[in-house]
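To start, the structure under review is shown below, and the notes come after it.
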Amino acid sequence: MIQILCAALLWGFAGALAGRLMGGTLEPAILVPLRFFGSFLVLLPFIWRFPPQNKEFPRLFAIGLALTLTQVSYYLAIHLSSVATGLFLQYMAPVLLTLYALVRGESLSRPKLFGLGFAVVGAYFLVVGPQGLAGGWGIAYGIASAFLFATFSYLGMGMRAHPLTVLAIGMGVGSILSLPFTPWDKVLSLSAVDLAAVAYIVLLGTVVPFGLFLWGVRQIPARIATLVAMIEPVCGAIFAVFLVGQLISPLAVFGGAMILCGVWLNTT
């Protein structure tokens, strides 16, 4: 589980950093494809070093497609509603995986179910707050991102291929799909500072945390992994205090405590 905790920590910092950067020249239309391209180039040697079995390629492609569409639907949710709406709805993935586990006949104790409820309510308090969810198609895309993130996490369980090989192929799929939509003129005009920020987000905001997450879901169920990953907004809120001077409200602090309580109930 330590791998998922580290991934959430890195995602939280990268998210707070990206929130600061995307107010300038690094708009999402540039940052998202560069995240795919850069990660694929960094991870490409792992495909040769740890080649997957041929029989796993269909599942690897499905993982890559789910990862790509998760990112696309998440950013569409943000664009059409708000960051809070997109982030909160994407973290409904553990709810979907819990429902799937119950449908399959898995027995879950009441403390674990209550813990999931605590985490969901806490995420609402922390991420959304009194302003509520933004409406429109953003909510639909946010729900889609939750379904796709759950799918990505579930497919990652039981893979025999090396986690970084899995991630490399996933990023390769994302690179190919985003190629026609990348504004190359804007990419070529980025400054050295912008490129350094992209390099950080590629390495410590994507390659390392996603690799850790895929490593984690080989050892714990996807339901638990996605729930533990809900610590990301807690970390992001703390880092945002130092990066953008965004203060944490008492309601957000209470929500963060509920998330931690929910995670604890499901991992003890």
Next on the checklist: If Met159 meets every condition in (1) in a helix (DSSP H, G or I); (2) closer than 20 Å to Gln3 by Cα apart from one, which number is that one?
Outcome noted: (1)
Next on the checklist: For the range 112-122, check the following and say yes or no: at least one residue is in contact with a Lys or Arg (Cβ under 8 Å, 6 or more places away or on another chain) and in contact (Cβ under 8 Å) with a residue 12 or more places away in the chain.
Outcome noted: no
Checklist entry - Of the residues Ser191, Ser175, which is open to solvent by 30 Å² or more (accessible area, probe 1.4 Å) and of a type outside the set (Val, Ile, Thr)? => result Ser191
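Of Gly132, Gly158, which residue is at pLDDT below 90, under 28 Å from Tyr100 (Cα atoms) and either among the β-branched types (Val, Ile, Thr) or open to solvent by less than 30 Å² (accessible area, probe 1.4 Å) (or both)?
Going through Gly132, Gly158 in turn, just one is at pLDDT below 90, under 28 Å from Tyr100 (Cα atoms) and either among the β-branched types (Val, Ile, Thr) or open to solvent by less than 30 Å² (accessible area, probe 1.4 Å) (or both): Gly132.
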Checklist outcome for this item: Picked from the range 6-41 (must be open to solvent by 60 Å² or more (accessible area, probe 1.4 Å) and hydrophobic (A, V, I, L, M, F, W, C)), the residue modelled with the highest pLDDT is Leu41
Checklist outcome for this item: Filter the range 82-111 for residues that are closer than 19 Å to Ala8 by Cα and either outside any helix (DSSP H, G or I) or of a type in the set (Gly, Ala, Ser) (or both); the one that is most open to solvent (accessible area, probe 1.4 Å) is Met92
Checklist entry - Taking the range 177-203, which residues are hydroxyl-bearing (Ser, Thr, Tyr) and assigned to a helix (DSSP H, G or I)? => result Ser178, Tyr200
Checklist entry - Is it true that Ile2 is at pLDDT below 90 and either touching a Lys or Arg at 6+ places or on another chain (Cβ under 7 Å) or among the basic types (Lys, Arg) (or both)? => result no
Next on the checklist: For the structure I just gave you, tell me whether Leu126 is out of contact with any His (no Cβ under 9 Å at 6 or more places or on another chain) and either surrounded by fewer than 17 Cβ atoms within 10 Å (Cβ to Cβ) or within 30 Å of Arg59 (Cα to Cα) (or both).
Outcome noted: no
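The values are calculated or read from the model by the stated rules, or taken from the named source; none is laboratory data. Values in this document were obtained by computation on a predicted structure and should not be read as measured data. Note that each Cβ is placed from the backbone with ideal geometry, even for glycine, and that neighbours are counted across all protein chains shown. Heads up: the accessible areas ignore ligands, DNA and RNA and are worked out on the full protein's heavy atoms, side chains in. Shrake-Rupley method; radii C 1.70, N 1.55, O 1.52, S 1.80 Å.
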